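Below is one structure; the comments refer to it alone.
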Amino acid sequence: MIELRASDLADTHAIAGAIAGVVRPRDLIVLVGEMGAGKTAFATGFAKALGVHGDDHVSSPTFTLMHSYTSGRIPLHHVDLYRLTSLAEVADLGIRELLDMGAVGLVEWGDVASEVLGDGLSVTLVADEDDEEVRLISVAVDGHGWDSRWELLKNALRDWSVR
């Protein structure tokens, strides 16, 4: 696991950008955290780093369930599972199939559906109790899809490492 500290919103965007620099088609990134923890802020920085066109405003897809952005170097599907109540509803979204067509997926609240989503990178964001601007971010992997890139990822994130 990689433990990080984001001092402000710019750091959260930069951390997301560093991760975006290492992703490749078919990657899944699950964003975990309470309301207001910074999941959508992370998604904004991630999309920008992928080169998503500035006119494509990145926002939480809470009510639409999914926003797709195709103007970056890799198509991006940003999904929010907060309102879904069953694994069948998650499966019906076809997230894995979209990724298999060469996209990257960011899934907010995806930790509740790991058996449907499969392997990926998990990014947990927690607001610091003493400073509302600070985010403590943990990056972990489920499966082996990041084995060959783990050291590269750690190196890309070294500026924010707490260890």
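Residue check: is Ala140 of a type in the set (A, V, I, L, M) and over 19 Å from Ala18 (Cβ atoms)? Judged against the criteria, Ala140 is not a match.
Considering only the range 128-145, I want to know if a residue exists there that is surrounded by 13 or more Cβ atoms within 10 Å (Cβ to Cβ), in contact with a Pro (Cβ under 9 Å, 6 or more places away or on another chain) and touching a residue at least 40 places away in the same chain (Cβ under 8 Å). No, the range 128-145 contains no residue that is surrounded by 13 or more Cβ atoms within 10 Å (Cβ to Cβ), in contact with a Pro (Cβ under 9 Å, 6 or more places away or on another chain) and touching a residue at least 40 places away in the same chain (Cβ under 8 Å). Of the residues Gly38, Gly45, the single one that is crowded, with 21+ Cβ neighbours inside 10 Å and at positive phi is Gly38. Which residues, counting only those in the range 12-39, are assigned to a loop (DSSP other than H, G, I, E, B), closer than 14 Å to Val104 by Cβ and of a type in the set (Gly, Ala, Ser)? Matches in the range 12-39: Gly21 only.
Just for the range 72-103: of the residues that are of a type outside the set (A, V, I, L, M, F, W, C), touching a helix residue (DSSP H, G or I) at 6+ places or on another chain (Cβ under 6 Å) and over 18 Å from Val32 (Cβ atoms), which one is modelled with the lowest pLDDT?
Step one: of the range 72-103, the residues of a type outside the set (A, V, I, L, M, F, W, C) are 72-73, 75, 77-78, 80, 82-83, 85-86, 89, 92, 94, 96-97, 100, 102.
This time we only want the ones that are touching a helix residue (DSSP H, G or I) at 6+ places or on another chain (Cβ under 6 Å), so: 72-73, 77-78.
Keeping just the survivors that are over 18 Å from Val32 (Cβ atoms) gives 72-73.
Working: Gly72: 79, Arg73: 88.
Looking at the filtered set, the residue picked out is Gly72.
Within the range 66-102, being under 13 Å from the mean Cα position of the chain (by Cα) and either within 17 Å of Val22 (Cα to Cα) or surrounded by fewer than 20 Cβ atoms within 10 Å (Cβ to Cβ) (or both) holds for Leu76, His77.
The values are calculated or read from the model by the stated rules, or taken from the named source; none is laboratory data. These numbers were taken from a predicted model, which means no experiment stands behind them. Here Cβ is always computed from backbone atoms with ideal geometry, including for glycine, and neighbour counts include all displayed protein chains.
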